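Worksheet for the structure shown next.
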Amino acid sequence: MPHPNLTTLYLIASALAFTAYGIDKAAAVGGRWRIPEALLHLLGLVGGWPGALVAQRIFRHKTRKATFRVVFWSSAVLNTAVALWFLSAGQHGTR
């Protein structure tokens, strides 16, 4: 079973990422100030990548730019690896 704090982190970070992608998409359509890509990536890296992935599909946003996708998936893999290590360390009592 996932650690409650890790689950909470993912839920909050995903909600923030989803919201940020929605705001950025609306800004892109309206020609207004945009959320920096680095911030979108940071939200994904800290656990918001599931929400970001859903937002990309729903808003059809940030799905075409190859460099963005490479960084996005790299951060998702890195985040998942760290989360798995954290969970594994907790099971072995080495935290």
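The values are calculated or read from the model by the stated rules, or taken from the named source; none is laboratory data. Since the structure is predicted, the reported quantities are computational estimates derived from the model, not experimental observations. Don't worry about glycine lacking a Cβ; one is built from the backbone with ideal geometry, like all the others, and counts go over all protein chains shown.
List of remarks:
- Within this structure, residue 25 fails the test of being basic (Lys, Arg) and on the phi > 0 side of the Ramachandran plot.
- Contacts under 9 angstrom Cβ, first residue in the range 20-37 being closer than 15 Å to residue 59 by Cβ, partner of a type in the set (Phe, Trp, Tyr) and exposed (fewer than 10 other Cβ atoms within 10 Å of the Cβ), 6 or more apart: 27/33
- Members of the range 47-67 found to be at pLDDT 95 or above, surrounded by 13 or more Cβ atoms within 10 Å (Cβ to Cβ) and not small (Gly, Ala, Ser), listed by number: 49, 50, 53, 54, 56, 59
- Residue list for the range 11-40, filter: surrounded by 20 or more Cβ atoms within 10 Å (Cβ to Cβ) and either within 9 Å of the chain's Cα centre (by Cα) or among the β-branched types (Val, Ile, Thr) (or both): 13, 14, 17, 18, 40
- Test: residue 74 is among the hydroxyl-bearing types (Ser, Thr, Tyr), surrounded by 13 or more Cβ atoms within 10 Å (Cβ to Cβ) and assigned to a helix (DSSP H, G or I): yes
- Selection from the range 41-67 of residues that are over 17 Å from residue 80 (Cα atoms) and not aromatic (Phe, Trp, Tyr): 55, 56, 57, 58, 60, 61, 62, 63, 64, 65, 66, 67
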